[in-house]
Amino acid sequence: MKTDTDLRQEIQKIDRRGYPAYKGLAGGWKFRAFDLSIDHVQGDPFAAPSKVSVKVRGDRSGFPHALYRSEVRKTAFEDGLLRAFAAEASKYSFKASGSGKSGLIECSRPGQEILKRTSCEVEQANGDILLRLEIGFPANGRSVNAGELIKILFDFLPRIVERALFWHKEDEERFTAAAGLADDQAAVRRFLKENGLVAFVADGAILPRESGVSQKPMRNAVPFRSPEEMRVTIPLPNRGDVTGMGIPKGITLIVGGGYHGKSTLLQALERGVYNHVGGDGRELVITEETAVKLRAEDGRRICGTDISMFINNLPSGADCSHFYSENASGSTSQAAGTVEAIEAGCRTFLIDEDTCATNFMLRDELMASVVAGDKEPITPFIAKVRALYEKEGISTVLVAGSSGAYFHVADRVIQMDEYVPFEITGKAKAAAQEFDSRGAEKISAAYPGRPSFDRKPMPGRRPESHGGRVKSKVTGKDSFSLNRESVDLRGVEQIVDREQVQALAQCLKVLEAECFDGKRTVSEALELLRQKIEKGGLTSLSDSRYNIPAMAMPRIQEIYSCVNRYRSLRLTKE
Ligand code: ADP
Ligand code: MG
């Protein structure tokens, strides 16, 4: 491998040449403390910045092996390195000057969730650290500015790496705490599995967020306090015994007056499928990892989904066992979302009345008696929620502020009162009994059996037919596009990071090119994709070995959601 001295000479040689001369720097360079790899050089100073990676050997960096000895610890460790690197890099970013993105030094900035990312990978066997970052190669107008790049690569970068990717005694506490928390979170997840719980909310947790646009904890919030009847104690390896509310499998209703913290609790559960960083307030709010938030999503596409469990005899005569719509209604969209979640292996539905189609959730006696049963195409969710639990093993946690109908079917009822939960199952059931005993009959409506999941996607755009590659563009946390087709993910609320969207875009490309063949079902195709990621890691999703986009791991449930919202998806006709 050529050395840093060689690199310095190469850079000096191209000073003031046209910007594309930078391309010649691609490749590996040995520095004193690390290996530098210039993976992809930007085409001009205004284009996406250049991709660079830094490798520090484990025997040099000196981090204790204990910090990454298990999978969960390793992920937390990688996350910690990335946060430290990002913080350090921000001190030097744009300190070198020039036009366009000249001088930018950046890596991924993780939010409140701890996710596996392509930006930092630690090798468990030897502790080698690979960190991927972006650098805006400096330009004067459109020509190479050698002096400024030398400043970045020979002054700034070594200082950032030395501070962030080498072990310093004063960081011990921070890294040890992150590793301990990772162990505790894993222990809670195990506890849920072994004790028939779908979620745990620790006493003292801070659930509300600072604002609608910030996931930081709210200051001076009322800390969570579990109702005695639902209190469980979990022995954690690091923190010792921790108490909190255990939500058992089955049907759980969260009720209460407006503004008493119902949605806030549910939102914390939605995000509890991921682990949170220390100081977040939701470190020990843990939801079993397959839980899916269901909601109405008017206007979404539905492609061949079997929604006959909920919808039948539509006036259009449409086949509800293979339902198509380019512009679904509230109820059909929620029916499709529910069935698709079953297909995606979901074991817990999370539902907030605020974002539901009312006619999907229930129909009251009066309406049922006026509009005869055979005229109403919708069998509401309330009629199936029990069977979904008993036959499919899928629990439901439902926020209901305005309708008492679900009291009949609930296994337990939690009332939020000024942000504090109380267990009121007995009281709610007794009141429901007195109020309307007929409610219970409709509920035991027969279960039509598992929906059919026989949809077989056709192979998609092959790169060859698109000038060599399928272009993807991530427009934010809410959508991405493949070539010109945009995939709207606004209704997929458990996507928490833009880099997950980047990964989803890559997943869809791989599915179209390698997994959809007109014969495999959606599940079979996704299983193939899952195996590919398991074997080759997230980076295996990239079309280029060098220009690897920053990606964060999505759940399999979000990959399903993304496929199901892709408007170019075509199925083979049986
Ligand atoms: P609901 O769904 O019951 O109407 P929300 O969950 O939307 O209520 O909460 C209403 C408001 O109260 C929100 O602004 C939220 O941030 C705030 N809030 C929720 N929980 C707490 C808490 N524990 N402490 C302080 N404020 C809270
Ligand atoms: Mg609400």
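The values are calculated or read from the model by the stated rules, or taken from the named source; none is laboratory data. Quick caveat: nothing in here was measured; it's all calculated off a predicted structure. For neighbour counting, all protein chains shown are included, and Cβ atoms are generated from backbone atoms with ideal geometry for every residue, glycine included. These area figures cover heavy atoms from the full protein model, side chains too; ligands, DNA and RNA do not enter into them. Shrake-Rupley method; radii C 1.70, N 1.55, O 1.52, S 1.80 Å.
Tell me, which strands (runs of 3 or more DSSP E) lie completely within the range 126-231 with 1 or more residues that are open to solvent by 60 Å² or more (accessible area, probe 1.4 Å) and closer than 30 Å to D417 by Cβ? Full working, then the answer.
Numbers: elements: 129-135, 197-202, 209-211, 214-217.
Where strands (runs of 3 or more DSSP E) fall fully within the range 126-231 and carry at least 1 residues being open to solvent by 60 Å² or more (accessible area, probe 1.4 Å) and closer than 30 Å to D417 by Cβ, they are 209-211, 214-217.
Testing D298 on (1) in contact with a strand residue (DSSP E or B) (Cβ under 8 Å, 6 or more places away or on another chain); (2) assigned to a loop (DSSP other than H, G, I, E, B), one condition comes back false. Which one is that?
(1)
Quick one: count up the residues across the range 41-80 that are more than 23 Å from Q124 (Cα to Cα) and surrounded by fewer than 19 Cβ atoms within 10 Å (Cβ to Cβ).
Adding up the residues that qualify gives 5.
So which of V201, V232, V255 is of a type in the set (A, V, I, L, M, F, W, C), more than 12 Å from ligand 1 (Cβ to nearest atom) and closer than 25 Å to I351 by Cβ?
Values: V201 fails: more than 12 Å from ligand 1 (Cβ to nearest atom); V255 fails: more than 12 Å from ligand 1 (Cβ to nearest atom).
Exactly one of V201, V232, V255 is of a type in the set (A, V, I, L, M, F, W, C), more than 12 Å from ligand 1 (Cβ to nearest atom) and closer than 25 Å to I351 by Cβ, namely V232.
Need pairs with beta-carbon distance below 8 Å; first residue at positive phi and within the range 246-262, second among the hydroxyl-bearing types (S, T, Y) and within 16 Å of ligand 2 (Cβ to nearest atom); sequence gap 6+ or separate chains.
G261/Y419
Which condition from (1) surrounded by fewer than 21 Cβ atoms within 10 Å (Cβ to Cβ); (2) closer than 23 Å to L82 by Cα is the one that Q531 breaks?
Of the numbered conditions (1) surrounded by fewer than 21 Cβ atoms within 10 Å (Cβ to Cβ); (2) closer than 23 Å to L82 by Cα, the odd one out for Q531 is (2).
Of everything in the range 232-246 that's closer than 17 Å to G272 by Cα and touching a helix residue (DSSP H, G or I) at 6+ places or on another chain (Cβ under 7 Å), which residue is surrounded by the fewest Cβ atoms within 10 Å (Cβ to Cβ)?
It comes out as G246.
Being open to solvent by less than 30 Å² (accessible area, probe 1.4 Å) and in a strand (DSSP E or B) is the filter; apply it to the range 272-295 and report the residue that is nearest to G196 (Cα to Cα).
Per the criteria, the residue is T287.
For the range 317-353, give me each residue that is among the aliphatic types (A, V, I, L, M), crowded, with 21+ Cβ neighbours inside 10 Å and more than 16 Å from ligand 2 (Cβ to nearest atom).
Within the range 317-353, A328, A335, A336, V339, A341, A344 meet the criteria.
Quick check on this structure: which one of R271, R282 is at pLDDT 95 or above, more than 7 Å from ligand 1 (Cβ to nearest atom) and out of contact with any strand residue (DSSP E or B) (no Cβ under 6 Å at 6 or more places or on another chain)?
After applying the criteria, what remains is R271.
Limited to the range 192-234, what total is found for residues that are farther than 14 Å from I247 by Cα and of a type in the set (D, E, K, R)?
4
I'd like to check which strands (runs of 3 or more DSSP E) are fully inside the range 1-113 and have at least 3 residues that are under 31 Å from the mean Cα position of the chain (by Cα).
Output list reads 35-40, 50-56.
May I ask you to verify whether R117 is among the charged types (D, E, K, R), in the same structural domain as A89 (by TED's automatic domain parsing), within 24 Å of G279 (Cβ to Cβ) and open to solvent by less than 30 Å² (accessible area, probe 1.4 Å)?
Judged against the criteria, R117 is a match.
What pairs can you find where one residue is in the range 340-355 and without any contact (Cβ under 8 Å) to a residue 60 or more places away in the chain, the other is within 13 Å of ligand 1 (Cβ to nearest atom) and open to solvent by 10 Å² or more (accessible area, probe 1.4 Å), and their Cβ atoms are less than 8 Å apart, with a gap of 6+ or different chains?
E353/G401; E353/S402
Say whether the condition of being within 20 Å of L192 (Cβ to Cβ), open to solvent by 50 Å² or more (accessible area, probe 1.4 Å) and away from ligand 2 (no atom under 16 Å from the Cβ) is met by at least one residue in the range 258-271.
no
Can you name the condition, by its number, that C356 falls short on among (1) surrounded by fewer than 20 Cβ atoms within 10 Å (Cβ to Cβ); (2) within 16 Å of ligand 2 (Cβ to nearest atom)?
Going through (1) surrounded by fewer than 20 Cβ atoms within 10 Å (Cβ to Cβ); (2) within 16 Å of ligand 2 (Cβ to nearest atom) one by one, C356 breaks only (1).
Taking T396, is it crowded, with 22+ Cβ neighbours inside 10 Å, among the β-branched types (V, I, T) and over 30 Å from Q415 (Cβ atoms)?
no
State the number of residues belonging to the range 405-435 that are away from ligand 1 (no atom under 16 Å from the Cβ) and either touching a helix residue (DSSP H, G or I) at 6+ places or on another chain (Cβ under 9 Å) or among the hydroxyl-bearing types (S, T, Y) (or both).
Qualifying residue count for the region: 15.
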